[in-house]
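Peer 1: For reference, the structure I am asking about is given below.
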Amino acid sequence: MVRNLVLVLGDQLDAESAAFDGFDAAHDATLQIEAREEARYVPQHKMRLVLFFCAMRHFRELLRAKGFSTHYSRLDDPENLGTFADEARRWFGKLKPERIVVLAPGDFRLQAALSALQLPIEMRADRHFLCSRVDFAAFADEHPNMVLETFYRRMRSTTGALMDGDAPRGGAWNFDKDNRKPFPRTGGPHIPKPLAFSPDETTRAVMRLVEKQFPDAPGRLDNFNLPVTRENALEALADFRSHRLQNFGPYQDAMVGGAPFMFHSLLSAPLNLHLLNPREVLDAALNSDAPLASLEGFVRQIIGWREFVNGLYWRLMPDYAERNALDAQLPMPRFYWTGETDMRCLAEAIAHTIDHAYAHHIERLMVLGQFALLLGVKPYDVHRWHLSMFRDAIDWVSLPNTLGMSQHADGGVIGTKPYVASGNYISRMSDHCRKCRYDPHKADGDDACPFTTLYYDFLARHQPRFARNGRMKQQYLNFARKDSGEVLAIRRRAERLKAELTAQTFL
Ligand SMILES: Cc1cc2nc3c(=O)[nH]c(=O)nc-3n(C[C@H](O)[C@H](O)[C@H](O)COP(=O)(O)OP(=O)(O)OC[C@H]3O[C@@H](n4cnc5c(N)ncnc54)[C@H](O)[C@@H]3O)c2cc1C
Ligand code: SF4
């Protein structure tokens with residue numbers, strides 16, 4: 001007779017998590033479910049499917065090695081009913097445990113489904129985050145505007161990261177003047193390749209399964225080399241610390257053709273699957289000899305942004321998902337799934353996504369996300385596309401980043417202004433425009449950059465909302481220099497672009 005049946009969700013692969021507190025191998029057991037519903041509710045990138053399922057299978061091997069009694073619903077098991085709720089009920093009937101123990105999921109929809117099961121379920125708070133949901137709620141009560149910078153400084157103080165007493169190390173909270181540079185056209189530092197992990201037999205079996213069950217899924221698998229175990233993840237962390245952290249800060253916003261990873265850590269997926277803990281990532285960075293500017297840039301992402309979006313999600317859901325402050329209604333263009341576009345920056349970022357289920361932050365924000373925002377694509381559709389295509393996407397992190405940060409659909413909760421710029425920004429931060437058929441400086445004409453056309457159209461369309469926003473003052477001053485004839489021509493071209501680019505959709 002099982003006492004506690006510990007349900008381990010696919011993104012909770014941590015044997016030290018609160019779900020295992022008091023685990024007694026003599027009486028308790030674990031359950032993992034490969035749910036078809038999760039794999040199908042949005043079409044999923046093959047690499048993402050393989051990553052989740054094979055990380056789960058490796059985790060089961062780890063639990064078995066500890067002598068735990070483990071139960072597992074494989075995707076292709078004929079008895080597998082396909083959803084977490086149905087499978088949890090089936091296993092509950094079969095094993096008759098006293099209770100199911102589960103960590104609070106990272107997805108509101110799943111949390112609601114498990115809570116509605118009417119089974120004895122003990123849902124435990126997840127200790128993975130440095131700022132708990134309760135602590136974030138207290139912060140939000142104190143600071144209703146929920147500004148990242150205030151939260152980040154508080155996290156620096158509570159963790160002591162890069163602090164000398166009460167003061168920030170180096171006398172500043174950020175080093176943006178040293179960071180966020182374009183990559184030099186000549187003489188830039190060598191960009192090291194990230195560590196690759198050859199698939200073992202467990203991983204190869206999942207790859208075959210995914211190819212068989214999801215032949216039409218987007219993405220590719222022939223280059224699969226991701227970390228899938230805790231040991232792999234620790235090696236990936238050490239690799240980043242030794243080879244890329246040094247240059248992380250200066251080039252975190254830079255884009256270079258053929259260099260999808262630049263100096264980024266690639267740690268989001270192992271972190272989000274809980275193969276790594278943010279504390280150990282923070283400690284590894286702090287114990288490196290990277291320059292302060294790079295360190296600060298990285299620490300800001302780990303203890304600032306990552307914790308902040310998690311806190312916001314749980315503070316604002318479920319209504320948050322419905323927000324569409326700019327009333328954007330167009331569908332997601334088909335080329336986001338295929339990469340078939342002559343806009344070089346988009347083709348490159350989408351190729352990274354198809355090849356690696358990954359694009360770095362600025363590609364997600366200022367290329368992929370920004371273009372959808374300028375077009376006026378429905379924000380939730382952008383989030384669904386992101387959930388489908390990225391290996392690190394889980395609702396708690398993808399939704400605030402897509403719907404909030406990149407689409408400004410939350411009306412200014414995450415960012416007080418929308419992230420919009422003309423093609424000139426991409427031209428400055430990348431080497432794409434030199435190889436593109438469009439001219440980033442032009443807003444009208446056959447060779448005008450679609451970003452630039454749509455940027456001015458966006459400013460015109462949303463003038464009543466943003467013209468008085470202090471942070472957009474300069475953008476509107478520049479826009480005011482255009483005469484009415486020019487604005488009319490730009491807006492006509494924008495309408496044509498919107499119609500052409502959204503004529504073909506995927507879903
Ligand atoms: C439109 C959009 C969608 C995004 N969706 C996701 C997502 O689904 N999953 C996800 O983990 N990140 C998401 N991000 C945040 C960020 O882009 C990724 O975390 C990062 O690109 C992952 O690559 P990396 O591990 O190499 O990160 P690095 O650039 O090396 O950054 C270090 C770490 O900081 C954390 N981090 C940095 N920025 C953020 C952020 N804005 N929110 C949360 N964590 C952050 C991540 O854990 C990341 O691994 C999104 C950003 C945008 C603009
Ligand atoms: S010209 Fe415009 S479309 Fe072409 S790469 Fe530059 S920003 Fe992208």
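Peer 1: Determine whether residue 425 is of a type in the set (Phe, Trp, Tyr), surrounded by fewer than 22 Cβ atoms within 10 Å (Cβ to Cβ), touching a His at 6+ places or on another chain (Cβ under 9 Å) and at pLDDT 95 or above.
Peer 2: Judged against the criteria, residue 425 is not a match.
Peer 1: While we're here: Filter segment 400-435 down to the residues that are among the charged types (D, E, K, R) and within 19 Å of the chain's Cα centre (by Cα) and list them by number.
Peer 2: 410
Peer 1: Which of the residues spanning segment 195-219 are outside any helix (DSSP H, G or I) and within 25 Å of residue 337 (Cα to Cα)?
Peer 2: Restricting attention to segment 195-219, the residues satisfying the condition of being outside any helix (DSSP H, G or I) are 195-200, 214-219.
214, 215, 216, 217, 218, 219 - these are the residues of segment 195-219 that are outside any helix (DSSP H, G or I) and within 25 Å of residue 337 (Cα to Cα).
Peer 1: Could you say whether any residue in segment 424-435 is away from ligand 2 (no atom under 16 Å from the Cβ) and touching a strand residue (DSSP E or B) at 6+ places or on another chain (Cβ under 6 Å)?
Peer 2: No, segment 424-435 contains no residue that is away from ligand 2 (no atom under 16 Å from the Cβ) and touching a strand residue (DSSP E or B) at 6+ places or on another chain (Cβ under 6 Å).
Peer 1: Go through segment 430-471 and give me each residue that's touching a helix residue (DSSP H, G or I) at 6+ places or on another chain (Cβ under 6 Å) and without any contact (Cβ under 8 Å) to a residue 24 or more places away in the chain.
Peer 2: 440, 467
Peer 1: List every residue pair whose Cβ atoms lie under 6 Å apart, where the two residues are 6 or more positions apart in sequence or sit on different chains, the first residue falls within segment 234-255 and is in the same structural domain as residue 284 (by TED's automatic domain parsing) and farther than 22 Å from residue 173 by Cα, and the second residue, located anywhere, is within 16 Å of ligand 2 (Cβ to nearest atom) and polar (S, T, N, Q).
Peer 2: Between residues of segment 234-255 that are in the same structural domain as residue 284 (by TED's automatic domain parsing) and farther than 22 Å from residue 173 by Cα and residues that are within 16 Å of ligand 2 (Cβ to nearest atom) and polar (S, T, N, Q), the close pairs are 255/430.
Peer 1: In the set 269, 321, which member is in a helix (DSSP H, G or I), surrounded by 23 or more Cβ atoms within 10 Å (Cβ to Cβ) and either away from ligand 1 (no atom under 11 Å from the Cβ) or of a type outside the set (Lys, Arg) (or both)?
Peer 2: When all the criteria are applied, what remains is 269.
Peer 1: To continue, here is another question. Out of all the residues in segment 340-379, which are more than 10 Å from ligand 1 (Cβ to nearest atom) and over 26 Å from residue 456 (Cβ atoms)?
Peer 2: 351, 352, 353, 354, 355, 356, 357, listed by residue number.
Results for (1) in contact with a helix residue (DSSP H, G or I) (Cβ under 9 Å, 6 or more places away or on another chain); (2) in contact (Cβ under 8 Å) with a residue 60 or more places away in the chain; (3) surrounded by fewer than 17 Cβ atoms within 10 Å (Cβ to Cβ); (4) assigned by TED's automatic domain parsing to the domain that holds residue 291, shown as yes or no for each residue.
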| site | (1), (2), (3), (4) |
| --- | --- |
| 105 | yes, yes, no, no |
| 109 | yes, yes, yes, no |
| 117 | yes, no, yes, no |
| 161 | yes, yes, no, yes |
| 184 | no, no, yes, yes |
| 200 | yes, no, yes, no |
| 207 | yes, yes, no, no |
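Peer 1: Right, here's the next one. Pick from 459, 477, 488: which is in a helix (DSSP H, G or I), away from ligand 1 (no atom under 16 Å from the Cβ) and under 29 Å from residue 183 (Cβ atoms)?
Peer 2: 459
Peer 1: Taking segment 392-427 as the region of interest, how many residues are assigned to a helix (DSSP H, G or I) and over 22 Å from residue 493 (Cβ atoms)? Even if it seems obvious, please write down each step before you answer.
Peer 2: Step one: filter segment 392-427 for residues assigned to a helix (DSSP H, G or I), giving 395-406, 423-427.
So of that shortlist, the ones also over 22 Å from residue 493 (Cβ atoms) come out as 395-406.
Selection size over segment 392-427: 12.
Peer 1: Against the conditions (1) closer than 18 Å to residue 268 by Cβ; (2) at pLDDT below 95; (3) of a type in the set (Gly, Ala, Ser), where does residue 415 fall short? Just the number, please.
Peer 2: Exception for residue 415: condition (1).
Peer 1: Out of the residues in segment 163-178 that are part of a loop (DSSP other than H, G, I, E, B) and over 26 Å from the mean Cα position of the chain (by Cα), which is surrounded by the most Cβ atoms within 10 Å (Cβ to Cβ)?
Peer 2: Taking segment 163-178 first, the residues part of a loop (DSSP other than H, G, I, E, B) are 165-166, 172-178.
Restricting the remaining residues to those that are over 26 Å from the mean Cα position of the chain (by Cα) gives 165-166, 172.
Details: 165: 6, 166: 6, 172: 14.
For segment 163-178, the residue satisfying everything is 172.
Peer 1: Scan segment 430-437 and give yes if some residue there is closer than 19 Å to residue 350 by Cα, within 15 Å of ligand 1 (Cβ to nearest atom), of a type in the set (Ser, Thr, Tyr) and crowded, with 21+ Cβ neighbours inside 10 Å, otherwise no. Steps first, please.
Peer 2: Within segment 430-437, the subset closer than 19 Å to residue 350 by Cα is 430-437.
From what's left, within 15 Å of ligand 1 (Cβ to nearest atom): none.
Taking every residue of segment 430-437 in turn, none turns out to be closer than 19 Å to residue 350 by Cα, within 15 Å of ligand 1 (Cβ to nearest atom), of a type in the set (Ser, Thr, Tyr) and crowded, with 21+ Cβ neighbours inside 10 Å.
Peer 1: Residue 357 versus (1) at negative phi; (2) of a type in the set (Gly, Ala, Ser); (3) surrounded by 21 or more Cβ atoms within 10 Å (Cβ to Cβ): which is the lone unmet condition?
Peer 2: Every condition holds for residue 357 apart from (1).
The values are calculated or read from the model by the stated rules, or taken from the named source; none is laboratory data. It should be emphasised that the depicted structure is a prediction, and the values quoted were computed from it without experimental measurement. Note that we place each Cβ from the backbone using ideal geometry, even for glycine, and neighbour counts take in every protein chain shown.
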